[in-house]
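Note sheet for the following structure.
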Amino acid sequence: MRIAIVCANNQNRSMAAHHLLLNSGVDVCSYGTSAQVRIPAKEREAVNTYSFGKTYEEMLLDLKAKDEDFYTRTGILQMLRRNMEVKARPQRFQDANTPFDVVICCDSRCFDIIHSFYLAQAAAQAEAGAGAQVASYLVNFEIEDTPQTATAAAEHILSLCRLLEKTGSPGDTIAQFIETQKTFPMLYTVVPC
């Protein structure tokens, strides 16, 4: 079963889950949905912006040069080091061109972006006369974008992935999981991909 984990920047929530799932033997990919990667800056209203082509190591070195103490205290350098253990750079979901059986989003905004992306893709394929399309399950966990919440949510995502591996029936499994898991608000839908 092909599974993707998606958040806005492919930094915190999706990578906390990717790291845990990878270390637990679950085959998974992770992505972001934003146009650029955004990392909070020292100035409250500012943000560090990077292209999705920039490596986690390059981001880490840039932030260390800007203010190593601040980015160490906030946990951002530790997050980037963790990300470097998983893969070289963040990836953007819309550029992946990879079919997935299940796409797990980490907030409703990402869920809406991917839902719209899949619907637009299906409409373009239908207009081009493409054949039948495969369905993908789009799941949303509403996860606050903090390191602590991302780590806690990763455990729930792992539980869902273990159930999906065991049952092989995404629709029933996801619906039952949503009924029993009450820590994070969830929803899901089926989309053509």
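For residue 180 and residue 42, FRET efficiency with R0 = 45 Å and r from the beta-carbon atoms, rounded to 0.05?
Working: r = 42 Å, r/R0 = 0.92.
The computed FRET efficiency comes out at 0.60.
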Percentage of interatomic Cα-Cα distances in the stretch 70-178 larger than 19 Å:
59
Highest-MSF residue in the chain out of 30, 51, 136 [GNM, Cα springs under 10 Å]:
51
How compact and how long is the stretch 1-92, expressed as Rg and Dmax of its alpha-carbon atoms in Å?
13.0, 42
Spin-label zone in the stretch 169-188 - amide nitrogen under 18 Å from a point set 7 Å from the Cα of residue 1 along the C-beta vector:
169-182, 186-188
Between residue 55 and residue 88, the two model label points (7 Å from Cα along the beta-carbon direction) sit apart by a distance in nm of 0.7
Excluding same-chain residues fewer than 8 positions from residue 166, which lysines have a Cα within less than 24 Å of its Cα?
182
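Could you tell me which GluC sites (Glu not before Pro) in the stretch 1-75 are loop residues by DSSP with no more than 15 other beta carbons within 10 angstrom of their beta carbon? Could the numbers behind the result be given before it?
On the way: sites: 43, 45, 57, 58, 68; in loops: 43, 45.
Hits after loop and neighbour filter: 43, 45.
How do 3, 104 rank when sorted from fewest to most other Cβ atoms within 10 Å of their own Cβ? Mind dumping the intermediate values first?
Working: 3 24, 104 31.
The order, fewest Cβ neighbours first, is 3, 104.
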Who wins for biggest fluctuation among 86, 103, 47 in a Gaussian network model of the chain, springs between alpha carbons below 10 Å?
47
Could you compute the net charge surrounding residue 27? Neighbours are other residues with a C-beta less than 13 Å from the C-beta of residue 27; K and R count +1, D and E count -1.
0
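Given C-alpha coordinates of the chain, what is the ratio Rg to Rh with the Kirkwood estimate of Rh?
Details: Rg = 17.0 Å, Rh = 17.2 Å.
In the chain, Rg relative to Rh is 0.99.
Give me the net charge of residue 6's neighbourhood, meaning all other residues with Cβ under 12 Å from the Cβ of residue 6; Lys, Arg count +1, Asp, Glu -1.
+1
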To check you understand DSSP bridge types, tell me what percent of the beta bridges within the stretch 1-151 (both residues inside) are antiparallel, rounded to 5.
20
For the chain, which longest stretch is free of loop sites, where a loop site is one of the trypsin sites (Lys or Arg not before Pro) that DSSP puts outside H, G, I, E and B and that has at most 10 other Cβ atoms within 10 Å?
45-181
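None of the figures in this text is laboratory data; all of them are computed from the coordinates on show. Remember, it's a predicted structure, so these values are computed and weren't measured experimentally. Neighbour counts run over all protein chains shown; Cβ positions are idealised from the backbone, glycine included.
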